[in-house]
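The values are calculated or read from the model by the stated rules, or taken from the named source; none is laboratory data. Keep in mind that what you see is a predicted model, and the values were worked out from it rather than measured. Note that each Cβ is placed from the backbone with ideal geometry, even for glycine, and that neighbours are counted across all protein chains shown.
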Number of protein chains: 2
Amino acid sequence: MKRRVIAMFALVFALAFGSLATAQAADPLPSWNDGEAKQSIIAFVTRVTKEGSSEFVSPAERIATFDNDGTLWAEQPLYFQLLFALDRVKRLAPQHPEWKDKEPFASLLEGDVQAALAGGDRAILEIVMATHAGMTTAEFEQVVKEWLATAKHPTTKRPFTEMVYQPMLEVLAYLRANGFKTFIASGGGIEFMRPWTERVYGIPPEQVIGSSIKTKLEVNDGKPVLVRLPELNFLDDKEGKPVAINQHIGRRPIAAFGNSDGDLQMLQWTTAGEGPRFALYVRHTDAEREWAYDRESSIGRFDKGLDEARAKGWTVVDMKQDWKVIYPPEKK
Amino acid sequence: MKRRVIAMFALVFALAFGSLATAQAADPLPSWNDGEAKQSIIAFVTRVTKEGSSEFVSPAERIATFDNDGTLWAEQPLYFQLLFALDRVKRLAPQHPEWKDKEPFASLLEGDVQAALAGGDRAILEIVMATHAGMTTAEFEQVVKEWLATAKHPTTKRPFTEMVYQPMLEVLAYLRANGFKTFIASGGGIEFMRPWTERVYGIPPEQVIGSSIKTKLEVNDGKPVLVRLPELNFLDDKEGKPVAINQHIGRRPIAAFGNSDGDLQMLQWTTAGEGPRFALYVRHTDAEREWAYDRESSIGRFDKGLDEARAKGWTVVDMKQDWKVIYPPEKK
């Protein structure tokens, strides 16, 4: 009796879902043009999910990490988190009269972003600390959500969370449909991403890794809160990415996706493990629909990474050639 | 046609799995005696999983965090990780002739643990750094696995991974069966736990939070490795637990489980959120089957936490009264 029930179960399952599964298998990456890049993704997923094969990877070990800026969403003309910080400097300026005479704030408030950022990493760090610290984690989350709900990209005029790459959303979904756990490992702020990554990418907060400032437990009106301190905790870039991935995940990814030299160590770390491995670089080649930049760019520089990808045969996506569309359709 | 297929599907599903589900629902916590503690766990899970109820919590938000030492496994006569470190001092002694004249190592090598630990936290830190650093993360994982495969507890003579609490294993499984994601948040070392938590608790490495030392990416023979440095990265105890939970998970748990004052801030942080919340303390009251200790103990002191649990009506498990068994059956 039991065996008959299971057989019926299998039959009904096949009837109900068989056609759906076939349709999906037909093209899991519809926004990708047929080509080496697309084929390499599908070939890797097929290899590691084939039961009984010597290359089969158990679902628990199917970890994939994605850079965010320039890999999952755009990063021009400036990292979006930096645009957020600049907007916030303007918003907070009335409470900081001293900023009128203090760089990098003075230049920023006069509208001269170039001059403000001439101070390099130190100027950026000052701007970040002035705009990201001195409040609770719950307050910061609210500030990020409010900004994303109203801010528009300077050239496309679209909300920033719509400037994500449709072909990469399909890769995320395709990997998850094949038992992968998808993580972000970004140089961007961990608490700047978490309020929206689940809605936009399907990646929950506990699978977001990023740079962070220190926080401290305090008690306000009898309630514990976490206060954000103006002190760097961890910079999740370059050599920092494997360190943070190990700290958060405790396993080595089998697939990693990036777009710049800042992701090179993550891709090296990922591919140095045993068994089948996959590394993919998104190359920005589409000046018309997105931006074209690589070896000379100050944002998202892709130079050493490009050489190594070619030497090692990693997948390099040519946005202009490989992607049918860049962004998802505009929301009404 | 389609609707008929779905109805058949539902029917077969019910036939195949209905009886199993009923059996499980009958008693999800068979090693617990009936009493307030057991009832409070079941009542909470029932409340937050009842669809349509105002107290319903979406599966994504069903986060539960567990302390490890004294909550999921035993911690007497010394934290097991400290026993590991002591064994390792003996193993490494031939490579460190200078230890013969240097505390805390000299006392340890003479077999006088009390004298070695008289140096307090500083002595412990020195022992930990000497035994946990100076190798790659992969090498350390191997060392931990080898120790666990052979080491026996000094009084029970059982492997340490069998000195986990059977009633708590049932709580972990019960929560997961109800859509919870279970995490460890322990003062113990994150890399000391990850090699075995999945097998023993069903908790994967990416859901383990703990104390850590710093690591650094290096390249050995052309291969990237993470080297463990003799420098504390984060102490995941007391005020550190909410900080680390926020850093790793990015959501506030709705349920937290501990056994000592070191867990108090985690329980406060958990219960300070909105909506239904659950906090549970395991109290060590069973001198016969386990150990009995609380307010005066140097290991797992439970003093302020006990007062606060009583004042706030948190669940306090009385091991002697509430648990039918302590450990799982011995493996043959």
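Quick one: would you say B:Ile184 is of a type in the set (Val, Ile, Thr), buried (at least 17 other Cβ atoms within 10 Å of the Cβ), in a strand (DSSP E or B) and out of contact with any Lys or Arg (no Cβ under 8 Å at 6 or more places or on another chain)?
Numbers: of a type in the set (Val, Ile, Thr): yes; buried (at least 17 other Cβ atoms within 10 Å of the Cβ): yes; in a strand (DSSP E or B): yes; out of contact with any Lys or Arg (no Cβ under 8 Å at 6 or more places or on another chain): yes.
Yes, satisfied.
If I ask for residues that are at pLDDT 50 or above, part of a helix (DSSP H, G or I) and not hydroxyl-bearing (Ser, Thr, Tyr), which ones from the stretch B:18-47 would you list? So that I can check it myself, show each step before the final result.
Taking the stretch B:18-47 first, the residues at pLDDT 50 or above are B:25-47.
Now drop any that are not part of a helix (DSSP H, G or I), which leaves B:25-26, B:36-47.
Scanning the stretch B:18-47 gives B:Ala25, B:Ala26, B:Glu36, B:Ala37, B:Lys38, B:Gln39, B:Ile41, B:Ile42, B:Ala43, B:Phe44, B:Val45, B:Arg47.
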Taking the criterion of being under 30 Å from A:Val282 (Cα atoms) and either of a type in the set (A, V, I, L, M) or in contact with a Phe, Trp or Tyr (Cβ under 8 Å, 6 or more places away or on another chain) (or both), would at least one residue in the stretch A:94-114 satisfy it? yes
Residue list for the stretch A:132-148, filter: among the aliphatic types (A, V, I, L, M) and assigned to a helix (DSSP H, G or I): A:Ala138, A:Val143, A:Val144, A:Leu148
Could you list all residues from the stretch B:265-292 that are out of contact with any Lys or Arg (no Cβ under 6 Å at 6 or more places or on another chain) and among the hydrophobic types (A, V, I, L, M, F, W, C)? B:Leu267, B:Trp269, B:Phe278, B:Ala279, B:Leu280, B:Val282, B:Ala287, B:Trp291, B:Ala292
Checking A:Ala64 against (1) in a helix (DSSP H, G or I); (2) within 14 Å of another protein chain (Cβ to nearest Cβ); (3) not aromatic (Phe, Trp, Tyr): exactly one of these is not met. Which one? (1)
Do the conditions hold for A:Pro329, that is, is it outside the structural domain of A:Gly179 (by TED's automatic domain parsing) and assigned to a loop (DSSP other than H, G, I, E, B)? yes
Could you give every pair whose Cβ atoms fall below 9 Å, whose first residue belongs to the stretch A:159-177 and is assigned by TED's automatic domain parsing to the domain that holds A:Trp291 and under 14 Å from A:Asp27 (Cα atoms), and whose second residue is part of a strand (DSSP E or B) and of a type in the set (D, E, K, R), counting only separations of at least 6 or pairs across chains? A:Leu175/A:Lys181
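Considering only the stretch A:296-312, I want to know if a residue exists there that is in a strand (DSSP E or B) and not assigned by TED's automatic domain parsing to the domain that holds A:Gly134. Give the steps one after another, and end with the answer.
Filtering the stretch A:296-312 for residues in a strand (DSSP E or B) gives none.
Checked against the condition, which is being in a strand (DSSP E or B) and not assigned by TED's automatic domain parsing to the domain that holds A:Gly134, the stretch A:296-312 yields no hits at all.
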Return yes or no: is A:Glu330 more than 18 Å from the chain's Cα centre (by Cα) and closer than 30 Å to B:Gly189 by Cβ? no
Given the conditions (1) more than 22 Å from B:Thr215 (Cβ to Cβ); (2) surrounded by 15 or more Cβ atoms within 10 Å (Cβ to Cβ); (3) modelled with pLDDT under 95, report the number of the one that B:Gln76 does not fulfil. (3)
Considering only the stretch B:169-181, I want to know if a residue exists there that is within 10 Å of the chain's Cα centre (by Cα), more than 14 Å from chain A (Cβ to nearest Cβ) and at negative phi. no
Anything in the stretch B:187-205 that is among the charged types (D, E, K, R) and crowded, with 22+ Cβ neighbours inside 10 Å? List them, or say none. B:Glu191, B:Arg194
For the stretch A:268-303, give me each residue that is in contact (Cβ under 8 Å) with a residue 40 or more places away in the chain and within 14 Å of chain B (Cβ to nearest Cβ). A:Gln268, A:Thr270, A:Thr271
Matching residues in the stretch B:132-175 (more than 21 Å from B:Arg91 (Cα to Cα) and in contact with a strand residue (DSSP E or B) (Cβ under 6 Å, 6 or more places away or on another chain)) number 5
In the stretch A:41-61, which residues are loosely packed, with under 14 Cβ neighbours inside 10 Å, more than 14 Å from chain B (Cβ to nearest Cβ), among the polar types (S, T, N, Q) and under 15 Å from A:Leu175 (Cα atoms)? A:Thr46
